[in-house]
Amino acid sequence: MGQKVQGTEDLFGGYMRAWQRMQDVARELFGAYGFDMIETPAIEQVDTFVHGIGESTDVVRKEMFRVVSGALFGDLLEKGSEAHLKPRQRMAMRPEGTAGVVRAAVENNFVPQGAAPAKLWYAEAMFRGERPQKGRLRQFHQVGVEWLGASDPAADAECIIMLMEYFERLGFKRDDLRLVINSMGDAACRPAYREKVRAFILDHADEMCEDCLERAQINPLRAFDCKNDHCREVMKGAPLAPDNLCEECAAHYAAVKRYLDAAGVAYVEDPTLVRGLDYYTRTVFEVEAVGSGVGAIGGGGRYDGLVELEGGKPTPGLGFAVGFERIALALAAAGVEMGGEEPSCVYVACTGGEAERAAAFEARLALRGAGVRAEADYQGRSLKSQFKQADKLRARLCVVIGGDEVAAGAATLRDMGTHEQVQVPAAELVDAVLARLE
Ligand code: HAM
């Protein structure tokens, strides 16, 4: 028997309906904010992720699933290196959505100079080679937005406000959510800040783990996220990003907070929030469902340098993504059913004669033509077991067609709740069903 790959899941039944609901709510809410849907390919050239997410991030160094065509695979094994592969032959499954959307925006010129911003949202599977555990999968699903061409701090605030509204519409209580924000500076002030953190780690080298010493060389800010308790304790004394912002970044961050305050959105400032992707500048944020034990259910921020890194003209941008599987776990823990039950149906039952079966067939087609979910028996069951099946399928109505009905050119409508029955002419069946379903 085949088995699914570790860290992947099959989506079906209520779980699938929950994923669809996340998309329906996103379409409605994000649409009101002016976002259109986009889908980019699940595989991109490795360079798209290296340029955008950053060569030194865990996502790029350790977690990307690399893809080569079957024809090249043997060759690769034989040569023992990918040095001979052309850039277009080096591919990876997308570990996140932002780099691909920005690549698409550059390639298709979504934001020509001076044009209105591009606002895009997506609902897609992402792939990261992480060690699978609760809420951490190798194939997971994100709903995300990318807003390109907006530098105004009002955009940061509106993005966050929209995210919090999204969580609420999915069934979270505002009080159960913890929104954490920070500002990481920009190309003007971050390099100097990074150097300060690097110097701090090197000053405390004898107290930090091997990983943090490596981080000091390649990505010092990641030391704030070290899993080692002792390193975290030491990092409490490290220089903090908000204390090292240039004037423009400080003003931008203050304005974002003013807008959030004006909208009544509660947040906590965490000066050590750094996020795991290198493209962020200025505002970063994460949301946690308090007590759910699944980690961040969403996160994002501003990335004013990313479009350039992907080969476009300087264009500011920002966005966020939320994780479906973690949201489903957190909502289940809070006792909220996101997917809902299977939709109810109308069951068309008939006795075994050819004329009855033909009339039932016609009735089903007519009902479905009117948008009614119609079910029936396809295994030659008795009328009694057809009724049982109708109950199991939670049918609200049963259309019964027997010899008498065929002779009268009619159908009997049975309300499965009250067990009331009426006979209606076959030609009026659809209207009679629709009237009762309303
Ligand atoms: P991220 O924080 O890496 O950001 O992922 C966003 C969300 O995806 C997380 O908060 C989490 O809920 C979910 N997630 C991440 N990894 C996993 C995993 N292995 N298993 C299950 N769920 C996971 C980004 O991906 C950015 N692209 C967000 C963004 C958009 N920033 C700007 N625009």
Review point. Taking +1 at the Cβ of each Lys and Arg and -1 at the Cβ of each Asp and Glu, which of A150, F127, I181 sits farthest along the dipole of region 111-205 towards its positive end, judged by Cα position relative to the Cα centre?
Key: F127
Practice item. Label the chain by shape, choosing from rounded, prolate and oblate, from the square roots a ≥ b ≥ c of the eigenvalues of the Cα gyration tensor; if a/c is under 1.5 it is rounded, and otherwise prolate applies when a/b is larger than b/c, oblate when it is not. Key: prolate
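When the convex hull of the Cα atoms of region 1-136 is projected onto a plane and the area is averaged over all directions, what value comes out in nm²?
Values: hull surface 47.5 nm².
Orientation-averaged projected area of the Cα hull: 11.9 nm².
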Review point. Picking from P425, P271, P153, which is most flexible by a Gaussian network model of the chain using Cα springs under 10 Å?
Key: P425
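Please give the charge dipole size of the chain, origin at the Cα centre, charges +1 on K and R Cβ atoms and -1 on D and E Cβ atoms. Round to the nearest 20 debye.
On the way: 51 positive and 66 negative charges, 144 e Å.
The calculation lands at about 680 debye.
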Point to revise | Selected from R138, R357, R128 as most flexible by GNM, with the chain as the system and alpha-carbon contacts under 10 Å | key: R357
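Listed here are the pairs K257/K313; K62/K227; K4/K134; which of them are more than 20 Å apart at the Cα?
Details: K257/K313 29 Å; K62/K227 17 Å; K4/K134 16 Å.
Table pairs above 20 Å Cα-Cα are K257/K313.
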Exercise for review: Output the antiparallel fraction of DSSP beta bridges having both residues in the chain, as a percent to the nearest 5.
Suggested key: 80 percent
Exercise for review: Mind giving me the nanometre distance, one decimal, between the label points for A251 and C209, set 7 Å out from Cα along Cα→Cβ?
Suggested key: 4.2 nm
Exercise for review: Counting helices only, and only those DSSP H runs with n ≥ 4, report the 222 nm mean residue ellipticity of the chain as the sum of -39,500 (n - 2.57) divided by its residues, in deg cm²/dmol to the nearest 500.
Suggested key: -11500 deg cm²/dmol
Revision key, fill the gap. Residues other than G52 with Cβ under 10 Å of its Cβ, Lys/Arg counted +1 and Asp/Glu -1, net out at -4
Revision key, fill the gap. The simple spin-label model distance between E337 and D404, using points 7 Å out along Cα→Cβ, in nm, is 3.7 nm
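Just want the ordering: H84, H51, from fewest to most Cβ atoms lying within 10 Å of their own Cβ. Could you put the intermediate results ahead of the total?
Values: H84 10, H51 21.
So the ranking, lowest neighbour count to highest, is H84, H51.
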Exercise for review: May I ask you to give the average projected area over all directions of the convex hull of the Cα atoms of region 142-207, in nm² rounded to one decimal?
Suggested key: 7.6 nm²
Point to revise | Translational diffusion coefficient (Stokes-Einstein; Kirkwood radius from C-alpha pairs) of region 1-72 at 20 °C, 1.002 mPa s, in µm²/s | key: 133 µm²/s
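Which of the three applies to region 345-437, rounded, prolate or oblate, going by the alpha-carbon gyration tensor with a ≥ b ≥ c and a/c under 1.5 meaning rounded? Spell out each step's value before the answer.
Details: a/c = 1.29, a/b = 1.02, b/c = 1.26.
Here region 345-437 falls in the rounded category.
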Study note, to complete from the structure: Env charge @ V180, Cβ radius under 9 Å, K,R +1 / D,E -1, value -3
Practice item. Report the label-to-label distance for D229 and A192 in nanometres (one decimal), using points 7 Å from each Cα along the Cα→Cβ vector. Key: 3.8 nm
Review point. Counting Lys and Arg as +1 and Asp and Glu as -1, what is the net charge of the other residues whose Cβ lies under 14 Å from the Cβ of V422?
Key: -4
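Using only alpha carbon pairs under 8 Å that are at least six residues apart, calculate the relative contact order of the chain and give it in whole percent. Each step should come with its number before you reach the end.
Values: 732 pairs, mean separation 68.8, N = 438.
Answer for the chain is 16 percent.
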Review point. Just M22, M164, M235 to compare: in a GNM of the chain, with alpha carbon springs under 10 Å, which one fluctuates most?
Key: M235
Exercise for review: Subtract the Cα-Cα distance of N108 and E78 from 0.36 nm times their separation in residues, and report this length gain in nm to one decimal.
Suggested key: 7.0 nm
Revision key, fill the gap. Those cysteines in the chain that have no second cysteine Cβ within a distance under 4.7 Å are C159, C209, C212, C249, C345, C350, C398
Point to revise | Farthest positive-ward along region 345-437 dipole, Cα basis, beta-carbon charges - from A390, T351, P425 | key: A390
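Computed from the coordinates by the stated procedures, all read-outs in this text should not be read as laboratory data. Keep in mind that this is a model prediction, so the values were computed, not measured. A quick note on method: Cβ atoms are made from the backbone with ideal geometry, for glycine too, and the neighbour counts reach across all protein chains shown.
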